[in-house]
1. Looking at R347, is it closer than 26 Å to S192 by Cα and in contact (Cβ under 8 Å) with a residue 12 or more places away in the chain?
2. What about K208, is it surrounded by fewer than 20 Cβ atoms within 10 Å (Cβ to Cβ), of a type in the set (K, R), in a helix (DSSP H, G or I) and within 16 Å of the ligand (Cβ to nearest atom)?
3. Of a type in the set (A, V, I, L, M, F, W, C), part of a loop (DSSP other than H, G, I, E, B) and at pLDDT below 95: which single residue out of M1, M91, M52 fits that description?
4. In this structure, does K377 turn out to be more than 16 Å from the ligand (Cβ to nearest atom), surrounded by 13 or more Cβ atoms within 10 Å (Cβ to Cβ), among the charged types (D, E, K, R) and on the phi > 0 side of the Ramachandran plot?
5. Anything in region 301-321 that is hydroxyl-bearing (S, T, Y), farther than 16 Å from D210 by Cβ and within 16 Å of the ligand (Cβ to nearest atom)? List them, or say none.
6. Would you point out the residue of region 220-265, among those that are over 20 Å from the mean Cα position of the chain (by Cα) and among the hydrophobic types (A, V, I, L, M, F, W, C), that is surrounded by the fewest Cβ atoms within 10 Å (Cβ to Cβ)?
7. So which residues in region 188-205 are exposed (fewer than 15 other Cβ atoms within 10 Å of the Cβ) and in contact with a Gly (Cβ under 9 Å, 6 or more places away or on another chain), if there are any at all?
8. Pairs, please: C-beta under 6 Å, at least 6 apart or cross-chain, first residue of a type outside the set (A, V, I, L, M) and in region 129-144, second within 9 Å of the ligand (Cβ to nearest atom) and not in a loop (DSSP other than H, G, I, E, B)?
Amino acid sequence: MTTFRYLTAGESHGPGLTVIVEGIPAGLEVTEEYIEKQMSRRQKGYGSGGRMKIEKDRADIRAGVRHGISLGSPIAMWIENRDFVNWTDAMSITPVDDDVDKKVYTKVVPGHADFPGALKYVQHDLRNVLERSSARETAARVAAASIARRLLEEIGIYIHSRAVATGDQDGRDVATSDVDWDAVEASEVRASDPDADTRFKAAIDKSKADRTTIGGVFEVVAFGAPVGLGSHVHWDRKLDGRLAQAMMSINAVKGVEIGTGFANTQKPGREVQDVIVPDPSDRRKFRHLTNSSGGIEGGMSNGQPIVVNVAIKPIATMTNPLPSVDINTGEVVEAAYNRSDICQVARACPVGEAMMALVLVEAMLEKFGGDSLDEIKRNYDGYIESHQEFGNP
Ligand SMILES: Cc1cc2nc3c(=O)[nH]c(=O)nc-3n(C[C@H](O)[C@H](O)[C@H](O)COP(=O)(O)O)c2cc1C
(Lines give C-alpha, C1' and ligand atoms only; values in the text may rest on other atoms or scores of the structure.)
Protein backbone atom coordinates (compact mmCIF):
# COMPACT_ATOMS: atom_id res chain seq x y z
CA MET A 1 0.00 0.00 0.00
CA THR A 2 1.26 3.47 -0.85
CA THR A 3 2.19 5.39 2.28
CA PHE A 4 1.53 8.82 0.85
CA ARG A 5 -0.10 10.09 -2.32
CA TYR A 6 -1.75 13.16 -3.71
CA LEU A 7 -3.83 13.98 -6.76
CA THR A 8 -4.61 17.31 -8.37
CA ALA A 9 -7.35 18.29 -10.84
CA GLY A 10 -8.22 21.56 -12.52
CA GLU A 11 -7.70 23.70 -15.59
CA SER A 12 -5.76 26.96 -15.69
CA HIS A 13 -8.80 29.17 -16.44
CA GLY A 14 -11.47 26.80 -15.13
CA PRO A 15 -13.38 27.29 -11.87
CA GLY A 16 -10.46 26.14 -9.71
CA LEU A 17 -8.06 23.43 -8.60
CA THR A 18 -8.86 20.43 -6.42
CA VAL A 19 -6.23 18.60 -4.34
CA ILE A 20 -6.52 15.44 -2.27
CA VAL A 21 -3.64 14.44 0.01
CA GLU A 22 -3.67 11.00 1.58
CA GLY A 23 -1.33 9.50 4.18
CA ILE A 24 -0.98 12.44 6.58
CA PRO A 25 -1.21 11.05 10.13
CA ALA A 26 -3.71 12.19 12.74
CA GLY A 27 -2.62 14.93 15.13
CA LEU A 28 -0.81 17.35 12.83
CA GLU A 29 -1.63 21.05 13.15
CA VAL A 30 -2.80 22.26 9.73
CA THR A 31 -4.09 25.78 9.13
CA GLU A 32 -5.26 27.57 5.99
CA GLU A 33 -3.01 30.52 6.98
CA TYR A 34 0.12 28.34 6.81
CA ILE A 35 -0.90 26.96 3.39
CA GLU A 36 -1.72 30.46 2.11
CA LYS A 37 1.70 31.74 3.16
CA GLN A 38 3.40 28.97 1.18
CA MET A 39 1.16 29.57 -1.83
CA SER A 40 1.85 33.31 -1.84
CA ARG A 41 5.58 32.55 -2.21
CA ARG A 42 4.82 30.94 -5.61
CA GLN A 43 3.18 34.15 -6.77
CA LYS A 44 6.02 36.59 -6.20
CA GLY A 45 8.78 37.24 -8.68
CA TYR A 46 10.37 39.90 -10.85
CA GLY A 47 9.39 39.23 -14.46
CA SER A 48 6.03 37.62 -13.66
CA GLY A 49 3.10 38.14 -15.99
CA GLY A 50 -0.28 39.79 -15.34
CA ARG A 51 -1.90 36.62 -14.04
CA MET A 52 -0.15 36.93 -10.69
CA LYS A 53 -1.81 40.30 -10.12
CA ILE A 54 -5.22 38.67 -10.57
CA GLU A 55 -4.77 35.50 -8.53
CA LYS A 56 -4.32 35.70 -4.75
CA ASP A 57 -4.24 32.04 -4.01
CA ARG A 58 -5.74 30.47 -0.97
CA ALA A 59 -6.66 26.85 -0.41
CA ASP A 60 -9.93 26.12 1.38
CA ILE A 61 -9.64 22.91 3.35
CA ARG A 62 -12.80 20.90 2.71
CA ALA A 63 -12.06 17.61 4.51
CA GLY A 64 -9.61 15.74 6.71
CA VAL A 65 -9.03 18.46 9.32
CA ARG A 66 -11.07 19.25 12.43
CA HIS A 67 -10.44 22.24 14.71
CA GLY A 68 -7.10 22.81 12.97
CA ILE A 69 -5.79 19.26 13.53
CA SER A 70 -5.53 16.48 10.90
CA LEU A 71 -7.75 13.44 11.39
CA GLY A 72 -5.69 10.87 9.48
CA SER A 73 -8.31 10.83 6.72
CA PRO A 74 -7.71 12.25 3.22
CA ILE A 75 -7.28 16.04 3.24
CA ALA A 76 -9.21 17.75 0.44
CA MET A 77 -8.58 21.33 -0.68
CA TRP A 78 -10.19 23.72 -3.14
CA ILE A 79 -8.29 26.61 -4.74
CA GLU A 80 -10.55 29.02 -6.58
CA ASN A 81 -9.29 30.49 -9.88
CA ARG A 82 -10.23 34.15 -9.43
CA ASP A 83 -9.66 34.71 -13.15
CA PHE A 84 -12.55 32.33 -13.94
CA VAL A 85 -15.02 35.27 -13.82
CA ASN A 86 -13.47 36.36 -17.14
CA TRP A 87 -13.75 32.85 -18.62
CA THR A 88 -17.19 31.63 -17.54
CA ASP A 89 -18.34 30.92 -21.12
CA ALA A 90 -14.97 29.91 -22.59
CA MET A 91 -14.29 27.44 -19.75
CA SER A 92 -17.87 26.53 -18.88
CA ILE A 93 -18.16 22.96 -17.57
CA THR A 94 -21.62 22.69 -19.18
CA PRO A 95 -22.30 23.07 -22.95
CA VAL A 96 -22.59 26.64 -24.30
CA ASP A 97 -24.27 28.13 -27.39
CA ASP A 98 -22.30 28.08 -30.65
CA ASP A 99 -22.14 31.87 -30.85
CA VAL A 100 -20.27 32.46 -27.53
CA ASP A 101 -16.54 33.22 -27.60
CA LYS A 102 -14.85 29.95 -26.63
CA LYS A 103 -11.36 31.49 -26.86
CA VAL A 104 -10.33 28.73 -29.25
CA TYR A 105 -6.72 28.91 -30.40
CA THR A 106 -5.05 26.88 -33.12
CA LYS A 107 -1.60 28.46 -33.60
CA VAL A 108 0.90 26.09 -32.00
CA VAL A 109 3.37 27.52 -29.46
CA PRO A 110 6.71 25.70 -30.00
CA GLY A 111 7.99 24.35 -26.67
CA HIS A 112 4.52 23.88 -25.21
CA ALA A 113 2.38 20.76 -24.91
CA ASP A 114 0.23 22.06 -27.83
CA PHE A 115 1.59 19.97 -30.70
CA PRO A 116 1.96 16.51 -29.13
CA GLY A 117 -1.17 17.05 -27.00
CA ALA A 118 -3.36 17.93 -30.01
CA LEU A 119 -2.33 14.86 -31.98
CA LYS A 120 -2.37 12.49 -29.00
CA TYR A 121 -5.78 13.54 -27.64
CA VAL A 122 -7.20 14.45 -31.10
CA GLN A 123 -7.96 18.05 -30.13
CA HIS A 124 -8.57 20.78 -32.72
CA ASP A 125 -8.69 23.52 -30.06
CA LEU A 126 -5.23 23.77 -28.46
CA ARG A 127 -6.83 25.28 -25.36
CA ASN A 128 -7.99 21.76 -24.47
CA VAL A 129 -4.32 20.87 -23.99
CA LEU A 130 -2.89 24.13 -22.64
CA GLU A 131 -5.45 24.49 -19.87
CA ARG A 132 -4.04 21.47 -18.03
CA SER A 133 -0.41 21.65 -19.15
CA SER A 134 -0.14 25.21 -17.80
CA ALA A 135 1.98 25.75 -14.68
CA ARG A 136 -1.17 26.93 -12.92
CA GLU A 137 -1.40 23.31 -11.72
CA THR A 138 1.71 23.85 -9.61
CA ALA A 139 -0.42 25.95 -7.22
CA ALA A 140 -2.17 22.70 -6.29
CA ARG A 141 1.17 20.94 -5.73
CA VAL A 142 2.33 23.75 -3.46
CA ALA A 143 -0.90 23.42 -1.44
CA ALA A 144 -0.38 19.65 -1.07
CA ALA A 145 3.26 20.18 -0.17
CA SER A 146 2.39 22.74 2.52
CA ILE A 147 0.89 19.93 4.52
CA ALA A 148 3.91 17.72 3.78
CA ARG A 149 6.18 20.54 5.01
CA ARG A 150 4.26 20.85 8.26
CA LEU A 151 4.87 17.16 8.91
CA LEU A 152 8.57 17.38 7.98
CA GLU A 153 8.99 20.34 10.33
CA GLU A 154 7.80 18.13 13.20
CA ILE A 155 10.99 16.04 12.82
CA GLY A 156 13.22 19.04 12.13
CA ILE A 157 13.40 19.04 8.31
CA TYR A 158 13.31 22.52 6.71
CA ILE A 159 13.42 23.28 2.98
CA HIS A 160 14.79 26.40 1.25
CA SER A 161 15.55 27.48 -2.31
CA ARG A 162 17.33 30.21 -4.24
CA ALA A 163 18.04 31.15 -7.85
CA VAL A 164 21.67 30.35 -8.69
CA ALA A 165 21.55 31.50 -12.32
CA THR A 166 19.20 33.71 -14.32
CA GLY A 167 19.80 33.78 -18.06
CA ASP A 168 23.57 34.04 -18.56
CA GLN A 169 24.15 35.50 -15.07
CA ASP A 170 25.63 33.20 -12.44
CA GLY A 171 24.82 33.83 -8.76
CA ARG A 172 26.63 31.04 -6.93
CA ASP A 173 29.16 33.21 -5.03
CA VAL A 174 27.67 32.40 -1.63
CA ALA A 175 28.09 28.75 -0.58
CA THR A 176 24.88 26.85 0.23
CA SER A 177 25.88 26.57 3.91
CA ASP A 178 26.36 30.37 4.19
CA VAL A 179 23.14 31.55 2.54
CA ASP A 180 20.95 34.00 4.49
CA TRP A 181 17.59 32.47 3.56
CA ASP A 182 15.63 35.47 4.88
CA ALA A 183 17.56 37.68 2.44
CA VAL A 184 16.69 35.28 -0.41
CA GLU A 185 13.04 35.48 0.62
CA ALA A 186 13.23 39.30 0.45
CA SER A 187 14.80 39.27 -3.04
CA GLU A 188 12.32 39.49 -5.94
CA VAL A 189 14.65 37.28 -7.98
CA ARG A 190 15.51 34.97 -5.04
CA ALA A 191 19.20 35.87 -5.28
CA SER A 192 21.46 35.17 -2.31
CA ASP A 193 23.56 38.34 -2.58
CA PRO A 194 22.87 41.96 -3.63
CA ASP A 195 25.20 41.78 -6.63
CA ALA A 196 23.40 38.75 -8.08
CA ASP A 197 20.06 40.46 -7.33
CA THR A 198 21.05 43.45 -9.48
CA ARG A 199 22.44 41.31 -12.31
CA PHE A 200 19.45 38.95 -12.39
CA LYS A 201 17.03 41.90 -12.61
CA ALA A 202 19.08 43.53 -15.37
CA ALA A 203 19.03 40.25 -17.33
CA ILE A 204 15.23 40.07 -17.01
CA ASP A 205 14.84 43.74 -18.05
CA LYS A 206 17.03 43.16 -21.09
CA SER A 207 15.08 40.09 -22.11
CA LYS A 208 11.83 42.06 -21.82
CA ALA A 209 13.27 44.82 -23.99
CA ASP A 210 14.42 42.20 -26.51
CA ARG A 211 10.88 40.72 -26.44
CA THR A 212 12.21 37.31 -25.50
CA THR A 213 12.38 35.20 -22.31
CA ILE A 214 15.12 33.70 -20.14
CA GLY A 215 15.44 30.62 -17.94
CA GLY A 216 17.97 29.73 -15.26
CA VAL A 217 18.98 27.35 -12.51
CA PHE A 218 17.61 27.13 -8.98
CA GLU A 219 18.85 25.26 -5.94
CA VAL A 220 16.57 23.45 -3.50
CA VAL A 221 18.02 22.41 -0.13
CA ALA A 222 16.56 20.30 2.68
CA PHE A 223 18.23 20.72 6.07
CA GLY A 224 17.78 18.29 8.96
CA ALA A 225 16.99 15.07 7.09
CA PRO A 226 18.16 12.00 9.04
CA VAL A 227 20.38 9.30 7.55
CA GLY A 228 18.43 6.65 5.67
CA LEU A 229 15.57 8.19 3.69
CA GLY A 230 15.23 6.21 0.44
CA SER A 231 17.06 2.93 -0.14
CA HIS A 232 19.79 1.31 -2.20
CA VAL A 233 17.88 -1.97 -2.61
CA HIS A 234 15.80 -1.23 -5.71
CA TRP A 235 15.89 1.36 -8.50
CA ASP A 236 12.58 3.00 -7.71
CA ARG A 237 13.34 3.41 -4.01
CA LYS A 238 16.48 5.50 -4.55
CA LEU A 239 16.01 8.98 -3.14
CA ASP A 240 18.09 10.72 -5.82
CA GLY A 241 16.07 9.03 -8.58
CA ARG A 242 12.80 10.02 -6.93
CA LEU A 243 13.90 13.62 -6.48
CA ALA A 244 15.07 13.81 -10.10
CA GLN A 245 11.71 12.59 -11.37
CA ALA A 246 9.80 14.97 -9.10
CA MET A 247 11.87 18.00 -10.12
CA MET A 248 11.74 17.05 -13.80
CA SER A 249 7.94 16.98 -13.59
CA ILE A 250 7.86 20.74 -12.98
CA ASN A 251 6.79 22.59 -16.13
CA ALA A 252 9.76 23.77 -18.22
CA VAL A 253 12.38 21.92 -16.13
CA LYS A 254 14.93 20.24 -18.41
CA GLY A 255 17.81 19.28 -16.11
CA VAL A 256 18.36 18.05 -12.54
CA GLU A 257 21.64 17.77 -10.68
CA ILE A 258 22.20 16.21 -7.25
CA GLY A 259 24.88 18.10 -5.31
CA THR A 260 27.69 19.24 -7.61
CA GLY A 261 27.05 16.35 -10.01
CA PHE A 262 28.11 18.10 -13.23
CA ALA A 263 31.18 19.91 -11.87
CA ASN A 264 32.29 16.62 -10.23
CA THR A 265 32.76 15.06 -13.67
CA GLN A 266 35.74 17.34 -14.28
CA LYS A 267 37.52 16.64 -10.99
CA PRO A 268 39.63 13.66 -9.89
CA GLY A 269 37.89 11.17 -7.59
CA ARG A 270 39.92 12.19 -4.55
CA GLU A 271 38.38 15.68 -4.74
CA VAL A 272 34.83 14.49 -5.25
CA GLN A 273 34.04 11.88 -2.57
CA ASP A 274 32.96 13.27 0.80
CA VAL A 275 35.37 11.97 3.44
CA ILE A 276 33.77 10.74 6.69
CA VAL A 277 35.32 11.34 10.12
CA PRO A 278 34.22 10.29 13.64
CA ASP A 279 32.28 12.97 15.52
CA PRO A 280 30.66 11.98 18.83
CA SER A 281 28.89 15.39 18.96
CA ASP A 282 26.98 14.67 15.73
CA ARG A 283 23.75 12.69 16.21
CA ARG A 284 25.00 10.35 13.44
CA LYS A 285 28.28 9.79 15.42
CA PHE A 286 30.16 10.71 12.21
CA ARG A 287 30.53 13.76 10.01
CA HIS A 288 31.30 14.36 6.32
CA LEU A 289 34.00 16.93 5.53
CA THR A 290 32.36 18.09 2.27
CA ASN A 291 29.00 17.67 0.51
CA SER A 292 29.69 17.06 -3.20
CA SER A 293 27.17 14.22 -3.14
CA GLY A 294 24.34 16.61 -2.20
CA GLY A 295 23.45 14.62 0.91
CA ILE A 296 22.68 11.36 -0.91
CA GLU A 297 24.88 8.27 -1.19
CA GLY A 298 23.63 4.98 -2.64
CA GLY A 299 20.10 6.32 -3.02
CA MET A 300 19.87 7.15 0.71
CA SER A 301 20.11 10.44 2.59
CA ASN A 302 23.39 10.51 4.54
CA GLY A 303 22.42 13.18 7.08
CA GLN A 304 23.98 16.07 5.20
CA PRO A 305 21.83 18.82 3.61
CA ILE A 306 20.08 17.41 0.52
CA VAL A 307 20.97 19.70 -2.39
CA VAL A 308 19.33 19.60 -5.81
CA ASN A 309 20.01 22.02 -8.69
CA VAL A 310 17.29 22.40 -11.27
CA ALA A 311 17.63 23.81 -14.82
CA ILE A 312 14.53 25.55 -16.16
CA LYS A 313 14.22 26.61 -19.79
CA PRO A 314 13.08 30.04 -20.99
CA ILE A 315 9.32 30.40 -21.27
CA ALA A 316 7.91 29.44 -24.68
CA THR A 317 5.33 32.23 -25.00
CA MET A 318 6.88 35.47 -26.27
CA THR A 319 5.58 38.90 -27.21
CA ASN A 320 7.60 38.51 -30.42
CA PRO A 321 6.33 35.03 -31.33
CA LEU A 322 8.27 32.39 -33.25
CA PRO A 323 7.15 31.17 -36.67
CA SER A 324 4.84 28.22 -36.25
CA VAL A 325 1.90 26.34 -37.78
CA ASP A 326 -1.88 26.32 -37.50
CA ILE A 327 -2.75 22.84 -36.18
CA ASN A 328 -5.92 22.55 -38.30
CA THR A 329 -5.03 24.21 -41.62
CA GLY A 330 -1.27 23.52 -41.72
CA GLU A 331 -0.69 27.19 -42.64
CA VAL A 332 2.60 28.78 -41.55
CA VAL A 333 1.65 31.42 -38.94
CA GLU A 334 3.08 33.24 -35.92
CA ALA A 335 2.77 31.28 -32.64
CA ALA A 336 -0.07 32.36 -30.36
CA TYR A 337 0.62 34.90 -27.60
CA ASN A 338 -1.23 34.59 -24.31
CA ARG A 339 -0.39 36.77 -21.30
CA SER A 340 2.86 35.36 -20.00
CA ASP A 341 5.91 35.65 -17.72
CA ILE A 342 9.34 36.85 -18.94
CA CYS A 343 11.29 34.77 -16.44
CA GLN A 344 9.81 32.18 -14.08
CA VAL A 345 12.98 31.11 -12.21
CA ALA A 346 12.03 32.82 -8.92
CA ARG A 347 8.47 31.53 -9.08
CA ALA A 348 9.63 28.00 -9.82
CA CYS A 349 11.72 27.93 -6.61
CA PRO A 350 8.77 27.35 -4.23
CA VAL A 351 7.49 24.71 -6.67
CA GLY A 352 10.89 22.96 -6.41
CA GLU A 353 10.61 23.17 -2.61
CA ALA A 354 7.15 21.64 -2.90
CA MET A 355 8.43 18.70 -4.94
CA MET A 356 11.29 18.17 -2.46
CA ALA A 357 8.77 18.18 0.42
CA LEU A 358 6.45 15.71 -1.33
CA VAL A 359 9.30 13.26 -2.03
CA LEU A 360 10.80 13.57 1.45
CA VAL A 361 7.50 13.17 3.25
CA GLU A 362 6.80 9.98 1.34
CA ALA A 363 10.28 8.62 2.17
CA MET A 364 9.90 9.76 5.78
CA LEU A 365 6.54 7.99 6.15
CA GLU A 366 8.01 4.80 4.65
CA LYS A 367 10.72 4.85 7.30
CA PHE A 368 8.86 6.11 10.38
CA GLY A 369 5.24 5.61 9.30
CA GLY A 370 2.45 5.61 11.83
CA ASP A 371 -1.19 6.61 12.02
CA SER A 372 -0.65 9.42 14.49
CA LEU A 373 2.00 12.10 14.78
CA ASP A 374 3.00 10.75 18.20
CA GLU A 375 3.60 7.29 16.76
CA ILE A 376 5.79 8.74 14.00
CA LYS A 377 7.79 10.75 16.52
CA ARG A 378 8.33 7.66 18.71
CA ASN A 379 9.54 5.70 15.67
CA TYR A 380 11.82 8.56 14.67
CA ASP A 381 13.31 8.98 18.16
CA GLY A 382 13.92 5.22 18.47
CA TYR A 383 15.72 5.14 15.14
CA ILE A 384 17.94 8.14 15.95
CA GLU A 385 18.77 6.44 19.26
CA SER A 386 19.91 3.32 17.35
CA HIS A 387 22.80 5.36 15.86
CA GLN A 388 24.40 5.19 19.32
CA GLU A 389 25.42 1.58 18.54
CA PHE A 390 27.92 2.85 16.01
CA GLY A 391 31.31 4.49 16.20
CA ASN A 392 32.11 3.29 19.72
CA PRO A 393 35.72 2.20 20.38
C1 LIG B 1 6.20 28.77 -12.23
C2 LIG B 1 6.09 28.57 -13.73
C3 LIG B 1 5.47 29.55 -14.49
C4 LIG B 1 5.37 29.40 -15.88
N5 LIG B 1 4.78 30.40 -16.60
C6 LIG B 1 4.70 30.27 -17.94
C7 LIG B 1 4.14 31.33 -18.73
O8 LIG B 1 3.72 32.37 -18.21
N9 LIG B 1 4.10 31.17 -20.08
C10 LIG B 1 4.57 30.05 -20.70
O11 LIG B 1 4.50 29.97 -21.91
N12 LIG B 1 5.11 29.02 -19.99
C13 LIG B 1 5.19 29.12 -18.64
N14 LIG B 1 5.75 28.10 -17.90
C15 LIG B 1 6.29 26.92 -18.61
C16 LIG B 1 5.25 26.03 -19.29
O17 LIG B 1 4.24 25.65 -18.38
C18 LIG B 1 5.93 24.79 -19.91
O19 LIG B 1 7.02 25.17 -20.67
C20 LIG B 1 4.96 24.03 -20.78
O21 LIG B 1 3.94 23.48 -19.97
C22 LIG B 1 5.60 22.91 -21.62
O23 LIG B 1 6.16 21.93 -20.83
P24 LIG B 1 7.73 21.61 -20.84
O25 LIG B 1 8.45 22.91 -21.02
O26 LIG B 1 8.00 20.99 -19.49
O27 LIG B 1 8.01 20.67 -21.98
C28 LIG B 1 5.88 28.23 -16.51
C29 LIG B 1 6.49 27.24 -15.73
C30 LIG B 1 6.62 27.41 -14.35
C31 LIG B 1 7.31 26.37 -13.52
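The values are calculated or read from the model by the stated rules, or taken from the named source; none is laboratory data. This structure is a prediction, so every number in the text was calculated from the model and none was measured. Here the Cβ positions follow ideal geometry from the backbone for every residue, glycine too, while neighbour counts run over all protein chains shown.
1. yes
2. Here the answer is yes, as K208 does meet what is asked.
3. Checking each option against the conditions leaves just M1.
4. Answer is no for this residue.
5. Selection gives nothing.
6. Here the residue is W235.
7. D195, D205
8. Listed pairs, sorted by first residue: T138/V351.
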